[in-house]
Each structure stands twice: as structure tokens, then as C-alpha cells.
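J.: Pasting a structure here, questions to come.
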Amino acid sequence: KSPSEEETADRSSDQRSDQVDTPLDGPQEWLHRSGQLRERQTWKNGVRDGPWEMFHQNGQLRSRGNYQNGLRNGPFEVYFSNGQLRSRGTHSQDKRNGPYVSHYENGQMDSRGSFVNGNKEGVWEWFYANGQLRQKSVHKDDVLDGTLESFFESGQLKATEHYSAGKQDGPYVTYHEN
């Protein structure tokens, strides 16, 4: 699994902070080579502390959130370069916590669920780009734990299976689309 845009952006910011001789303090801005605004962050004694925003090369907002004592805290949003919302959630002590939703570039929902201390928890749903439910599953501590249902793009049930602590437990039933 590749790192998210947000995680990659965070690492690049960390690398920049190591390249300065004096600790960053106050609002800071970085530009793309084109001169377009790339990032806007707030620092306190060399540690990110306050709002941050990142921008695509075309000037559209790429992501925004908040840091507190160097850790991501509070709501965050990530956007596609066309301005459409890509994902929305909340960080607490640098981990995702609470409701999370992601979207396809066409605006349709891609997934939704909740995180607890950075782990998927409870019911999660994934959708096809046309908005139809693709999969519904139950997670506990980031592993499958309950019923998993898969659906055809038409909306008809494709398969059901059951998991306990991440291991398949019980029958695996498949269905024909017609």
C-alpha cells in the first residue's frame, strides 16, 4: 500500500525542517518552482503548531488540517487537483479518530467508516464510482471481525463471508448476478 498524499507531504515537510539552522517560528510559506504557493504552515520553536495548508501546482487546495505540538490534531480534508473533496476525517495525537469518508474524483463516495486510535473500527462501506455499494464489512482493531458482504456493480449481493479476529470463520457463499 502506498503512503497517502498527506503522509508523503508530512515527510517532505519534515525533511525541509531538518535543513534549516535556526528553528522555524511563526507562519511559514513554501512555493512550487513555478512560484505558486505550495504550503502554508505555522511553527513554534521548530515544531509544527497550528493550521497547515498544502496546494496543488494549479493553485487548488490540496489538504488542510491542524498541528498541536508537532502532532496532527483536529479535522483534516484532502482534495483532488480539480477541487473535489478526496477525504475528510479527524486526527487525535497524530492518529485518525472518528468518522472518515473518501470520495472518487467524480464526487461519488468511495468509502466511509470510523477510526479509533488509527485503526478501522465498526462498519465500513466501499462504493463503486457509480455510487453503488461494493462492499460492507465489520472491523475491530483494524482487522475483519464479523460479516463481509460483496456486491455486484448492479447492487445485487455477490458474496458473504464471516471473519473472527481477521480469520475467515464460517461459510463463504457466492451468488450469480442474474
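The values are calculated or read from the model by the stated rules, or taken from the named source; none is laboratory data. Model, not experiment: these values are computed from the prediction. Note: areas computed on protein heavy atoms with side chains; ligands, DNA, RNA excluded. Shrake-Rupley method; radii C 1.70, N 1.55, O 1.52, S 1.80 Å.
J.: What part of the accessible area of the stretch 29-70, given as a whole %, is carbon or sulfur when the probe is 1.4 angstrom?
T.: On the stretch 29-70, the fraction of accessible area on carbon and sulfur atoms equals 39 percent.
J.: Let me ask something additional. Can you pull the Kirkwood radius for the stretch 9-160, inverse mean 1/r over Cα pairs, to one decimal in Å?
T.: Over the stretch 9-160, the inverse of the mean reciprocal pair distance is 17.3 Å.
J.: Related question: Please report how far the C-alpha centroid of the stretch 151-178 lies from that of the stretch 79-138, rounded to the nearest whole angstrom.
T.: Spelled out, the Cα-based centre of one part sits 21 Å from the other.
J.: Tell me the mean residue ellipticity at 222 nm calculated for the chain from its helices only (DSSP H runs of n ≥ 4, each -39500 (n - 2.57), averaged over every residue, nearest 500).
T.: -2500 deg cm²/dmol
J.: Here's another thing I want to ask about it. Can you give me the angle between helix 5-18 and the longest principal axis of the chain, using Cα atoms only, in degrees from 0 to 90, rounded to the nearest 10?
T.: 30
J.: Taking the radius of gyration and the Kirkwood hydrodynamic radius from Cα positions alone, what is the Rg/Rh ratio for the stretch 86-178, to two decimal places?
T.: The Rg/Rh ratio comes out at 1.02.
J.: When only C-alpha pairs under 8 Å and at least 6 residues apart count, what is the relative contact order of the stretch 38-178, in percent?
T.: Result for the stretch 38-178 is 10 percent.
J.: Which lysines have a Cα lying under 26 Å from the Cα of Lys167, excluding residues fewer than 8 positions away in the same chain?
T.: Partners within reach: Lys1, Lys95, Lys120, Lys136, Lys140, Lys158.
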